[in-house]
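The values are calculated or read from the model by the stated rules, or taken from the named source; none is laboratory data. Model, not experiment: these values are computed from the prediction. Backbone-built Cβ (ideal geometry, glycine too); neighbour counts: all protein chains shown. Keep in mind that these areas ignore ligands, DNA and RNA; they rest on the heavy atoms of the full protein, side chains included. Shrake-Rupley method; radii C 1.70, N 1.55, O 1.52, S 1.80 Å.
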Amino acid sequence: MSFAAESDLLPRELVRLDARPATKEEAIRQAALMLISAGCARPGFEESMIRREAVANTFLGQGVAIPHGMGGDRHLINRNGIAILQVRQGVEWNPGQTARFVIAIAAQSDAHIATLRRLTRLIQDEERLAALAVTDDVRELIAALSGEPPPVADAAPADDLGEHFDWTVDYPAGLHARPASHWVETARRFAAQIRVRHGDEAADAKNLISLLQLGLRAGDPITLSAQGGDASEALVALRAAVTGLSNQEKADAAIAAQRARQAPVAGWSPAGEPATIAGVAAAPGLAIGVIHLLSNAEAAVPDHPTPLVEAAATLHEALSRTRQQLQALADDTARRLGAADAAIFKAQGELLNDTDLITLASQMMVEGHGVAWSWNQAIDRLAHRLAALGNPVLAARAADLRDVGQRVLAQIDPNLRTGSLQDLPEGPCILVGTDLSPSDTAGLDLSRVAGLATAQGGPTSHTAILARTLGLPAMVGGGTALLDLTDGAQAIVDGQAGKLYLSPSAEDLASARAWITAQARIREREAEARALPARTRDGHVVAIGANINLPDQAAFALSQGAEGVGLMRTEFLFLERGDTPTEDDQFETYRAMAAALDGKPLIIRALDIGGDKQVAHLNLPKEENPFLGVRGARLLLRRPDLLEPQLRALYRTAKAGAELSIMFPMITSVGEVLTLRAACERVRAELDAPPVPLGVMIEVPAAALRAEALARHVDFFSIGTNDLTQYALAIDRQNPVLAAEADSLHPAVLRLIQMTVAGAARHERWVGVCGGIAGDPFGAALLTGLGVDELSMTPRDIPAVKARLRGSALGDLRALAQRAVDCADAEDVRALDGDLA
């Protein structure tokens, strides 16, 4: 908004310097009288403003208050206006809150939003606020709220704070959301003010969107500075965080480049010359389908004002539920597609912590707008700001912001859920639209969606990354011409060439189908190999299972060569909904999973909540260190309201004829096992259900060390190498600085696995592994050599693991495993890979 336009809203006569109200009510009446005298409001508006104070706290912090009228009293407003009282000595607003700026608002529309947005910035600029609190120049206050710079002769470039260091950005993709999130998390640990400067532009290091707005690219020189009591410590930590990510960012870029270079066995080109829309190659492959246009029309978000206390609670709950959804999506994506893709959703979760976003939405709610309307406006404004910077990386982050914003909006009002992906045609289709959110891409029904073509985005966008991981042919950056296509028309998308062929001829279609058929035959031959057992050259067979969450994932797991489910994670029944599933809900899910497996082995893990998996609706106590707190079996033993319904659902499933096993997570003692076994036997007897095998997870060193004692009381072990590694090495596996060191092939971890196998063997119990290294072909070879009987993994990892084991001999694997256990560190262990190739 220009200064001229803003001055209509804030003329000089509506600014009063050095006002001296004795009380809050007097301050409100003075400001209201200014609005009434200027013709912005009618008499009686001051009473409306005072009534608002009884139901809402209009103090925003940093000495700023924004009193305004009740939503139902808008008839008292003649036109939009803002009045400012500068109260140098301050006036008590609420106990412990002193206002030095009283900014009264009269608004019929959103004309004042730019001022509120500017005010949000000012609240974070303590130095400028302090100067404005004593200025004698009305123009400075007007300029501060108009979005214009202070009225000085020459605008000085951004300054560095007291202590600083220089660094040149060496992240190949620049500063995108994932590393920026880590910078923010590090900076927020310190009280010091921390600034990142590039040229004349500076950003608050504790603000994600502020950092992203710098648009930092590889090679950009920056200065990181800090001031405050812990400034030195903050800069040391920030330097470690910033530089510590370099190797990972470079490795990720190398992997992305390798993926981009991957091409089909043979390329394809049309026989004729069909009309073509060229874009950017995003995910290789060829697909034929009818065009399904995703509607660009966003649902109108109504403005239904609610009392501020209720509005704040609604937004807080919606944000909490969305964070839970994103965490569940990150966990699920990590297990299905890998940790790198899961980080997309962790970065989205960090966007929900952005102060600008939350404050802007809160400002509009304080002014009297509805929760959904305020949130939607805040998202729209910040997304537009990012998209307008001309940086393709930041444009992709704008899409992330809209995606996460839509999730929150759906939590605020379920009627505002977008539904274009719910109306897919029955046959294969090519989704065409402006863009597709990462969460929608990750959850696509691949039986109905053959390919993607988007007007926006680039090959490094999260949607493109997920499409490649899913094996879904995709073109991005096709431009607005895509949005004018006819819904239902036939097309061919070539994700390798980055082209969409329109209305292809019969000859083109025949050629494309022949090419697709040839590729399918190659996959069929691979599928035949996947179906073969993991039998070593000397006849030893290792059972291969899949780690999945829901029944509809079983078919894909079996198609990849899974011989059953080695880990069904029941926590996703709790994470992906807003309330606790009932016994009947759980029973139907377990029965459906058993039916999908058609008699193949099914191991169901009891609820594993805690640590990195938190569920808002379970009302769990906040813990300083949840990884060392009440999680897994500890939680179940303390919450019979969770344990009892789950056990009943499981034994009802067994009674219905399903072949299943139950295992309990995070076991540390024999006492826990005995208590859980007793609970199982009681429920089984009550239901007259058949006995089922009971096993436990070996995830902590204590359980591995006591494996022989535990084996007396269980039927099997399943080793969770991810948790076992973090507890054995004392490394948080979610810490981006240390994550690379949390290697499950560390000799200490391998020795714990060896001890577990030995303890189980004394009582003739079998041992499985359902952690990450089970899906690594080399890791699977070592585990087999250590004596592990069963390996369970992400379905896509199964073919490579089976191939590795079929090409090995058990004697060689045993010798290799012993060499690995005797190594000095994980690097030496990995250096053994290839010795048996």
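Exactly one of (1) modelled with pLDDT of 80 or more; (2) open to solvent by less than 60 Å² (accessible area, probe 1.4 Å); (3) within 19 Å of SER792 (Cβ to Cβ) is unmet by ALA633. Its number?
In the conditions (1) modelled with pLDDT of 80 or more; (2) open to solvent by less than 60 Å² (accessible area, probe 1.4 Å); (3) within 19 Å of SER792 (Cβ to Cβ), ALA633 misses (3) alone.
Grab the strands (runs of 3 or more DSSP E) fully contained in the range 685-803, keeping just those with 2 or more residues being farther than 28 Å from SER246 by Cβ and in contact with a Ser or Thr (Cβ under 7 Å, 6 or more places away or on another chain). Quick ask: steps written out before the conclusion?
Values: elements: 694-698, 716-719, 766-769, 790-793.
Once the strands (runs of 3 or more DSSP E) in the range 685-803 are filtered for at least 2 residues that are farther than 28 Å from SER246 by Cβ and in contact with a Ser or Thr (Cβ under 7 Å, 6 or more places away or on another chain), what remains is 694-698, 716-719, 766-769.
Within the range 540-614, which helices (runs of 4 or more DSSP H) (wholly inside it) include 1 or more residues that are modelled with pLDDT of 90 or more?
On the way: elements: 554-559, 572-575, 583-597.
By residue number, 554-559, 583-597.
Need at least 1 residues that are modelled with pLDDT of 80 or more, of a type in the set (Gly, Ala, Ser) and within 42 Å of the chain's Cα centre (by Cα) per element, so show me which strands (runs of 3 or more DSSP E) inside the range 1-107 make the cut, counting only ones lying wholly within it.
So the answer is 81-94, 97-106.
ALA254 - would you say it is small (Gly, Ala, Ser), at pLDDT 90 or above, out of contact with any Gly (no Cβ under 9 Å at 6 or more places or on another chain) and more than 20 Å from ASP159 (Cα to Cα)? Spell out the reasoning first.
Values: small (Gly, Ala, Ser): yes; at pLDDT 90 or above: no; out of contact with any Gly (no Cβ under 9 Å at 6 or more places or on another chain): yes; more than 20 Å from ASP159 (Cα to Cα): yes.
No: the conditions fail for ALA254.
Can you name the residue in the range 717-730 that is over 19 Å from ASP331 (Cβ atoms) and in contact with a Leu (Cβ under 8 Å, 6 or more places away or on another chain) and, of all such residues, is modelled with the lowest pLDDT?
ALA728
Sort out which residues of the range 482-512 are at pLDDT 85 or above, assigned to a helix (DSSP H, G or I) and not hydrophobic (A, V, I, L, M, F, W, C), and write them in order of number.
GLU507, ASP508, SER511
Rundown of residues vs (1) in contact with a helix residue (DSSP H, G or I) (Cβ under 8 Å, 6 or more places away or on another chain); (2) polar (S, T, N, Q); (3) more than 27 Å from LEU724 (Cα to Cα), yes/no style:
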residue: PRO645; (1), (2), (3): yes, no, yes
residue: ALA658; (1), (2), (3): yes, no, yes
residue: SER661; (1), (2), (3): no, yes, no
residue: VAL670; (1), (2), (3): yes, no, no
residue: LEU676; (1), (2), (3): yes, no, no
residue: CYS680; (1), (2), (3): yes, no, no
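Inspect the range 624-637 for any residue being charged (D, E, K, R) and either part of a loop (DSSP other than H, G, I, E, B) or in contact (Cβ under 8 Å) with a residue 40 or more places away in the chain (or both) and give the result as yes or no. Step through it out loud before you land on a result.
Kept after step one, since they are charged (D, E, K, R), are these residues of the range 624-637: 624, 631, 634.
In the following step, the residues that additionally are either part of a loop (DSSP other than H, G, I, E, B) or in contact (Cβ under 8 Å) with a residue 40 or more places away in the chain (or both) were identified as 624, 631.
Looking through the range 624-637, at least one residue is charged (D, E, K, R) and either part of a loop (DSSP other than H, G, I, E, B) or in contact (Cβ under 8 Å) with a residue 40 or more places away in the chain (or both).
Six or more apart or on different chains, Cβ atoms under 7 Å: show the pairs whose first residue is in the range 700-714 and within 11 Å of ILE667 (Cβ to Cβ) and whose second is open to solvent by 20 Å² or more (accessible area, probe 1.4 Å) and assigned to a loop (DSSP other than H, G, I, E, B).
Matching pairs, first to second residue: VAL700/THR668; ALA702/THR668; ALA703/THR668; VAL714/ARG765.
Got at least one residue in the range 799-820 being within 18 Å of ILE603 (Cβ to Cβ) and under 37 Å from the mean Cα position of the chain (by Cα)?
Step one: filter the range 799-820 for residues within 18 Å of ILE603 (Cβ to Cβ), giving 801.
Next, from what is left, pick out any that are under 37 Å from the mean Cα position of the chain (by Cα): 801.
Yes, the range 799-820 contains a residue that is within 18 Å of ILE603 (Cβ to Cβ) and under 37 Å from the mean Cα position of the chain (by Cα).
Could you tell me which of the residues GLY771, GLY779 is open to solvent by less than 10 Å² (accessible area, probe 1.4 Å) and modelled with pLDDT under 90? Steps first, answer last, please.
Working: GLY779 fails: modelled with pLDDT under 90.
That would be GLY771, the only listed residue that is open to solvent by less than 10 Å² (accessible area, probe 1.4 Å) and modelled with pLDDT under 90.
Which one is surrounded by the most Cβ atoms within 10 Å (Cβ to Cβ) among residues in the range 525-554 that are under 24 Å from ALA330 (Cβ atoms) and among the hydrophobic types (A, V, I, L, M, F, W, C)? Break it down stepwise before answering.
Kept after step one, since they are under 24 Å from ALA330 (Cβ atoms), are these residues of the range 525-554: 545-554.
Retained after the next criterion (residues that are among the hydrophobic types (A, V, I, L, M, F, W, C)): 546, 548, 550, 554.
Numbers: ALA546: 29, ILE548: 26, LEU550: 16, ALA554: 25.
Going through the qualifying residues, I end up with ALA546.
Need a quick list: helices (runs of 4 or more DSSP H) entirely within the range 320-437 having at least 1 residues that are closer than 29 Å to LEU286 by Cβ and either touching an Asp or Glu at 6+ places or on another chain (Cβ under 7 Å) or at pLDDT 80 or above (or both). Break it down into steps so the answer makes sense when it comes.
On the way: elements: 339-351, 355-367, 371-387, 392-412.
In the range 320-437, the matching helices (runs of 4 or more DSSP H) lie at 339-351, 392-412.
Quick one: which residue in ALA41, ALA19, ALA27 is under 16 Å from GLU367 (Cα atoms) and surrounded by 18 or more Cβ atoms within 10 Å (Cβ to Cβ)?
Only one candidate qualifies: ALA41.
Any residue in the range 800-812 that's at pLDDT below 90: show its pairings with residues that are among the hydroxyl-bearing types (Ser, Thr, Tyr) at Cβ separation under 9 Å, as long as the two are six or more apart or on different chains.
GLY807/THR536
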